[in-house]
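Report on one structure; see the data block that follows.
The values are calculated or read from the model by the stated rules, or taken from the named source; none is laboratory data. Since this is a predicted model, take the numbers as computed values, not measurements. Here Cβ is always computed from backbone atoms with ideal geometry, including for glycine, and neighbour counts include all displayed protein chains. Quick note on the areas: whole protein, heavy atoms, side chains included, nothing else; ligands and nucleic acids left out. Shrake-Rupley method; radii C 1.70, N 1.55, O 1.52, S 1.80 Å.
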Amino acid sequence: MRGAALALALCALQLCPAALAGSLPQLLVERSGSRRLSKVGGFAWENCGDGRDPVVLQSLSVAPDPISIPGSLRISAAVKSGKAMASPLKAVLVVEKALGDLWIQLPCIDQLGSCTYNDVCTILDNLIPPGTTCPEPLLTYGIPCHCPFKAGSYSLPASDFILPDVELPSWMTNGNYRVRAAVSNGGEELACVKLAFSLQSQ
């Protein structure tokens, strides 16, 4: 379930593999002309399904603010799902950057930006191969890391993750960003979350 809601926040910044770096291979690669992400701050979130989506993010806390990278990240979250989520799960991310009073949608380049991921379940399988034990703290709190995700309530108490160096493309410059992340199956929207944050790179 974390892959359907909470992880969207991290994946929007391509930090999903980084947050699990202690137990997974390093999947981030340096890009030509890349910049090193140093801080993420001003984090805010809200559900965008008007309460009608079957999967709702009930709470999400991210600390510290700002987050220093590399550094540690503490997350707590609660998700309620009124419907099982099975493959194929499609995730659509719309990433916008503030330019004065305007919000400019960023393109999808090298799977970063406003991208569509047609099979989230396969992405999770690539990160954590089937048959592999889910990494901590997911294992301790009974949070699944593979499809299908059963209906029910899932809670992640305050848990610490180590974030290594993260490289961003040169076009993802310092400033304020917002992300709309929606997950669907067969055209039915299951979950939708809006995120806002600022980036500082070197």
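Can you find a residue that is assigned to a loop (DSSP other than H, G, I, E, B), over 25 Å from S184 (Cβ atoms) and modelled with pLDDT under 90 anywhere in the stretch 34-42? Among the residues of the stretch 34-42, at least one is assigned to a loop (DSSP other than H, G, I, E, B), over 25 Å from S184 (Cβ atoms) and modelled with pLDDT under 90, which makes the answer yes. The requirement of being more than 19 Å from L60 (Cβ to Cβ), outside any loop (DSSP other than H, G, I, E, B) and not hydrophobic (A, V, I, L, M, F, W, C) is fulfilled somewhere in the stretch 161-171, by at least one residue. With respect to being in contact with a Gly (Cβ under 7 Å, 6 or more places away or on another chain) and either open to solvent by 20 Å² or more (accessible area, probe 1.4 Å) or not basic (K, R) (or both), S184 falls outside the description. Look at the stretch 132-157: where a residue is basic (K, R) and a partner is open to solvent by 50 Å² or more (accessible area, probe 1.4 Å), sitting 6+ places away or on another chain with Cβ atoms under 6 Å, you get K150/A84. Where strands (runs of 3 or more DSSP E) fall entirely within the stretch 57-115, those with at least 1 residues that are aliphatic (A, V, I, L, M) and surrounded by 15 or more Cβ atoms within 10 Å (Cβ to Cβ) are at 71-81, 90-99. Looking only at residues in the stretch 154-179 that are farther than 23 Å from S114 by Cα and of a type in the set (S, T, Y), the one that is least open to solvent (accessible area, probe 1.4 Å) is S159.
Would you confirm whether any residue within the stretch 117-134 is within 22 Å of E46 (Cβ to Cβ) and open to solvent by less than 30 Å² (accessible area, probe 1.4 Å)? Please lay out each step first, then the result.
Start the filter on the stretch 117-134 by keeping residues that are within 22 Å of E46 (Cβ to Cβ), which leaves 117, 120.
Then drop every residue that is not open to solvent by less than 30 Å² (accessible area, probe 1.4 Å), which leaves 120.
For the stretch 117-134, residues within 22 Å of E46 (Cβ to Cβ) and open to solvent by less than 30 Å² (accessible area, probe 1.4 Å): present.
In the stretch 46-67, the residues that are under 21 Å from A158 (Cβ atoms) reach residues that are assigned to a strand (DSSP E or B) and aromatic (F, W, Y) with C-beta atoms within less than 8 angstrom, at least six apart or across chains, in these pairs: L57/W45; L60/W45; V62/F43; D65/F43; I67/F43.
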